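Undergrad: Please see the structure below; I have some questions.
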Amino acid sequence: MASTSTVTLATSPTQARIAITVFFLVSGFGFSTWASRIPTIQHQLGLNDAQLGGVLLALPIGLMLTLPVTSLLLQRFSSRQVMVVGAVLYNLALALLGFAAHTWQLVVLLFCFGSSRNLLNISVNAQSVGVQALYNRSIIATFHGMWSVAGFAAAAVGAVVVGASVPTAYHFVGVGMLLTGLALAFFPRTLDILPTPQTQKSGFTLPDKTLLKFGFIAFASMACEGTMYDWSGIYFQKAVHAPKAIATAGFAIYMVAMTVGRFTGDWLVGRLGIKRMLRSSGLLIAAGLLLAALLPTPVAAGLGFIMVGFGVSCVIPLVFSMAGKSPKMGSGSAIAAVSTVGYFGFLIVPPVVGFIANAANLRWSFAIMATLGAVMVWLVSKLD
């Protein structure tokens, strides 16, 4: 059995918390900056929707294939070292994306962007678990809330620069330089979490039974997240038949609810406890998706999307927090193992929703997805 990771404090808990918040902001702002210019890049390269969909797969493929590498690195180096390297590579890849002149270049750079994003995200979550251990109350959901805020801010900046006809290359280089500067400035205030000695074979390790439960909970939550990202706007158009003026409201409602949920989640965890919070999250997801499926009206579907947003908001940070306390591997390796299972839900399930919608309709897809919320409730009841 591996021993517990050692944390060396060269900073105060408050300073560490602020520093890790900055790294979450770097991750969220960088990703949303890329997303804000996808239509511009599609037009520049002359890609149709099908071609764009194939190109965009390079990012999650890079992310998934790097998970074992990240796990190995976190067994050998401090998570703060992996995190700062990941942040620099992430912003370098972002800056280079603006210069992609051919489709193959965009594919290669997106693969690198996804790979570096994985290095950053797994290690920053390991750091957040370390910071959480310094507090006697839940604070971990707020980190993810700041990721969402950064995403909103980057989307707003993206809208401004697109309106001003700023070239994508200038936009990405400017953001990349700013985010790299922030990462390097706050790196000294992060926690020096030494890697956990491994008695087992080094490299990527499959989760044990407890971590598998966490992984399947993450799978259910991330499957619902991915579905909402890809299909909430389309659901409002095709199932709710909302007017064009509010056709995009479904996604916006969901995102606002998820962000608010992340900022209120720590307060609720302090009163409900993590397991009750996770059970409540599963119930909200199931009820929200069923409501949207059974009553496809703007008000009912909107309320359902709010419930789903609140439901998924805190699942991943809480699962990572619990997995990071595993006595059998370091927090970074445990989070990487759980993420491997969880990300499959994010990648695989949304396309399945499309297949079901094509065979039946979107309402059936959302109704079937509601079962994942129920599965989450059942899995939480099986946790020790």
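The values are calculated or read from the model by the stated rules, or taken from the named source; none is laboratory data. Nothing here was measured: the structure is a model prediction, and the numbers come from that model. Here the Cβ positions follow ideal geometry from the backbone for every residue, glycine too, while neighbour counts run over all protein chains shown. The protein model used for the area step is the full one, side chains on, heavy atoms only, and it has no ligands, DNA or RNA in it. Shrake-Rupley method; radii C 1.70, N 1.55, O 1.52, S 1.80 Å.
Yes or no, residue by residue, for (1) under 25 Å from residue 212 (Cα atoms); (2) not aliphatic (A, V, I, L, M):
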residue: 276; (1), (2): yes, yes
residue: 292; (1), (2): no, no
residue: 295; (1), (2): no, no
residue: 308; (1), (2): yes, no
residue: 323; (1), (2): yes, no
residue: 332; (1), (2): yes, yes
residue: 341; (1), (2): yes, no
residue: 344; (1), (2): yes, yes
residue: 352; (1), (2): yes, no
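To keep it simple, each residue is scored yes or no on (1) open to solvent by 30 Å² or more (accessible area, probe 1.4 Å); (2) over 22 Å from residue 186 (Cβ atoms); (3) part of a helix (DSSP H, G or I); (4) touching a residue at least 12 places away in the same chain (Cβ under 8 Å).
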residue	(1), (2), (3), (4)
66	no, yes, yes, yes
71	no, yes, yes, yes
83	no, no, yes, yes
91	no, no, yes, yes
96	yes, yes, yes, yes
110	no, yes, yes, yes
123	no, no, yes, yes
131	no, no, yes, yes
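Undergrad: Now, a different point. Select from segment 26-45 the residues that are free of Cβ contacts under 8 Å to residues at least 12 places away in the same chain and either open to solvent by 60 Å² or more (accessible area, probe 1.4 Å) or among the charged types (D, E, K, R) (or both) and write down the one among them that is nearest to residue 83 (Cα to Cα).
TA: If we filter segment 26-45 for residues that are free of Cβ contacts under 8 Å to residues at least 12 places away in the same chain, which is where we start, we get 39, 42-43.
Okay, now just the ones that are also either open to solvent by 60 Å² or more (accessible area, probe 1.4 Å) or among the charged types (D, E, K, R) (or both), so 39, 43.
On the way: 39: 30, 43: 34 Å.
Within segment 26-45, the match that is nearest to residue 83 (Cα to Cα) is 39.
Undergrad: Mind listing whichever residues of segment 188-212 are open to solvent by 50 Å² or more (accessible area, probe 1.4 Å) and at pLDDT 90 or above?
TA: 188, 189
Undergrad: Can you pull out every residue in segment 145-169 that is open to solvent by 20 Å² or more (accessible area, probe 1.4 Å) and in contact with a helix residue (DSSP H, G or I) (Cβ under 8 Å, 6 or more places away or on another chain)? Lay out the reasoning, then the answer.
TA: Initial filter on segment 145-169 (open to solvent by 20 Å² or more (accessible area, probe 1.4 Å)): 146-147, 149, 152-153, 155-157, 159-167.
Passing the criteria: 146, 147, 149, 152, 153, 155, 157, 159, 161, 162.
Undergrad: Please work out which residue is farthest from the chain's Cα centre (by Cα), limiting yourself to segment 327-344 and to residues that are of a type outside the set (A, V, I, L, M) and buried (at least 23 other Cβ atoms within 10 Å of the Cβ). Step through it out loud before you land on a result.
TA: First, pick out the residues of segment 327-344 that are of a type outside the set (A, V, I, L, M): 327-328, 330-333, 339-340, 342-344.
Subsequent filtering for residues that are buried (at least 23 other Cβ atoms within 10 Å of the Cβ) retains 330-333, 339, 342.
Numbers: 330: 21, 331: 17, 332: 16, 333: 17, 339: 10, 342: 10 Å.
Taking the candidates together, the pick is 330.
Undergrad: Follow-up question, since we're still on this one. Are there any pairs with C-beta distances below 7 angstrom linking a residue in segment 258-285 that is closer than 20 Å to residue 224 by Cβ and free of Cβ contacts under 8 Å to residues at least 40 places away in the same chain to a residue that is open to solvent by 30 Å² or more (accessible area, probe 1.4 Å) and of a type outside the set (Gly, Ala, Ser), with the two at least 6 apart or on different chains, and if so which?
TA: Pairs that qualify, where the first residue is closer than 20 Å to residue 224 by Cβ and free of Cβ contacts under 8 Å to residues at least 40 places away in the same chain and the partner is open to solvent by 30 Å² or more (accessible area, probe 1.4 Å) and of a type outside the set (Gly, Ala, Ser), are 280/272.
Undergrad: A further question on this structure: Those residues that are hydrophobic (A, V, I, L, M, F, W, C) and either within 13 Å of the chain's Cα centre (by Cα) or modelled with pLDDT of 85 or more (or both), I need them from segment 222-238; list them, please. Outline the logic, then answer.
TA: Within segment 222-238, the subset hydrophobic (A, V, I, L, M, F, W, C) is 222-224, 228, 231, 234, 236.
Across segment 222-238, the qualifying residues are 222, 223, 224, 228.
Undergrad: Conditions: (1) in contact (Cβ under 8 Å) with a residue 24 or more places away in the chain; (2) assigned to a helix (DSSP H, G or I); (3) closer than 20 Å to residue 239 by Cβ. Residue 303 meets all but one. Number of the miss?
TA: Answer for residue 303: the failing condition is (1).
Undergrad: Let me ask another. What residue, among those in segment 98-108 that are in a helix (DSSP H, G or I) and touching a residue at least 40 places away in the same chain (Cβ under 8 Å), is least open to solvent (accessible area, probe 1.4 Å)? Spell out the reasoning first.
TA: Going residue by residue through segment 98-108, those that are in a helix (DSSP H, G or I) are 103-108.
Checking which are touching a residue at least 40 places away in the same chain (Cβ under 8 Å) leaves us with 103, 106-108.
Working: 103: 53, 106: 2, 107: 55, 108: 78 Å².
Among residues in segment 98-108 that are in a helix (DSSP H, G or I) and touching a residue at least 40 places away in the same chain (Cβ under 8 Å), the one least open to solvent (accessible area, probe 1.4 Å) is 106.
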